[in-house]
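Worksheet for the structure shown next.
The values are calculated or read from the model by the stated rules, or taken from the named source; none is laboratory data. Not measured: the values here are computed from a predicted model. So basically every Cβ, Gly included, is an ideal-geometry build from the backbone, and we count neighbours across all protein chains shown. Quick note on the areas: whole protein, heavy atoms, side chains included, nothing else; ligands and nucleic acids left out. Shrake-Rupley method; radii C 1.70, N 1.55, O 1.52, S 1.80 Å.
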Amino acid sequence: RALLAVPRRERAGHQGREVEVGRDEAARVVVRRVLAQTPMDALVGDPDGSLARACAAAGEHKDGAVAECARMALRRFATSPLGRALAEDPGRVVGASLPWALRLTEGALDVSVTGHADLVVRGDAVGRDGLVVVRVTTLPDRDERALPGADPELDLLLACVALARRFAAQGQRVPVTPAALPLGEESRGELTYVHHVGALAVEVRAMEAVRAMLQAREAGRWEARPRYVCDGLRCGFVARCHG
């Protein structure tokens, strides 16, 4: 899913090559792992120690640029309104790195989209009804909203649709709100709520991305994104694609 917005990276993943990522993207992976592995009160009480334990468990270094970026992001989370609310009542956490799956069909095209929601919390943690699905990012809030064509919200919206349908299948109608939690430099650690355009519109956007990827494969044309988009994504392929 994440590779759909960057054709050359999709090609690398399809060919089985290791996909290069930038510091911020790699740090986001580490932050997500810490969130999934650490009790919320422990994480908020000791973000540095939580990072060190997660790195040790994964056999990774707790030093270096990626670890430092993750460390600062976790510190911001620990002092954020959401972090404090979850530490006060860990039962508000529904799941971290929560898996979801969604089947999309359009004519003869039938695809299954899967992913993991970074953090799913009860809405009462932030004064909302139902559930809030949170996408954690180590980029400043303005960077993610200023990426033309990259559609960074699509994965988050797909997760919301999938989770809402999971509850609907159980006979429950639960409001699901998408939100981003920027934890990068200059971020204040406050949730940014994302407009939910509706399940049908989300599926249309997803199928457009799938068709574009399939057309690129068929034509063998793997276009690079404009340089300013790649710089905004802080992708590890910038030097390779743009020299």
Residues located in segment 42-52, provided they are out of contact with any Ser or Thr (no Cβ under 6 Å at 6 or more places or on another chain) and crowded, with 16+ Cβ neighbours inside 10 Å: 44, 47, 51, 52
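Would you pick out the residues in segment 196-207 that are touching a strand residue (DSSP E or B) at 6+ places or on another chain (Cβ under 8 Å) and within 15 Å of residue 176 (Cα to Cα)?
Answer for segment 196-207, where residues must be touching a strand residue (DSSP E or B) at 6+ places or on another chain (Cβ under 8 Å) and within 15 Å of residue 176 (Cα to Cα): just 196.
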Boolean, residue 16 is at pLDDT below 80 and either out of contact with any Gly (no Cβ under 6 Å at 6 or more places or on another chain) or assigned to a helix (DSSP H, G or I) (or both): yes
Do you know which residues across segment 53-68 are hydrophobic (A, V, I, L, M, F, W, C) and open to solvent by 80 Å² or more (accessible area, probe 1.4 Å)? 57
Between a first residue in segment 206-218 that is farther than 18 Å from residue 157 by Cβ and modelled with pLDDT under 75 and a second residue that is small (Gly, Ala, Ser) and surrounded by fewer than 17 Cβ atoms within 10 Å (Cβ to Cβ), which pairs have beta carbons less than 7 Å apart while being 6 or more apart in sequence or on different chains? none
Selected residue (only one of 152, 178 is open to solvent by less than 80 Å² (accessible area, probe 1.4 Å), modelled with pLDDT of 90 or more and closer than 20 Å to residue 77 by Cβ): 178
So, of the residues in segment 105-124 that are under 20 Å from the mean Cα position of the chain (by Cα) and among the aliphatic types (A, V, I, L, M), which turns out to be nearest to residue 202 (Cα to Cα)? 113
Quick check on my filter: what residues within segment 87-124 are of a type in the set (Ser, Thr, Tyr) and more than 19 Å from residue 38 (Cβ to Cβ)? 105, 112, 114
Members of segment 181-205 found to be at pLDDT 90 or above and acidic (Asp, Glu), listed by number: none
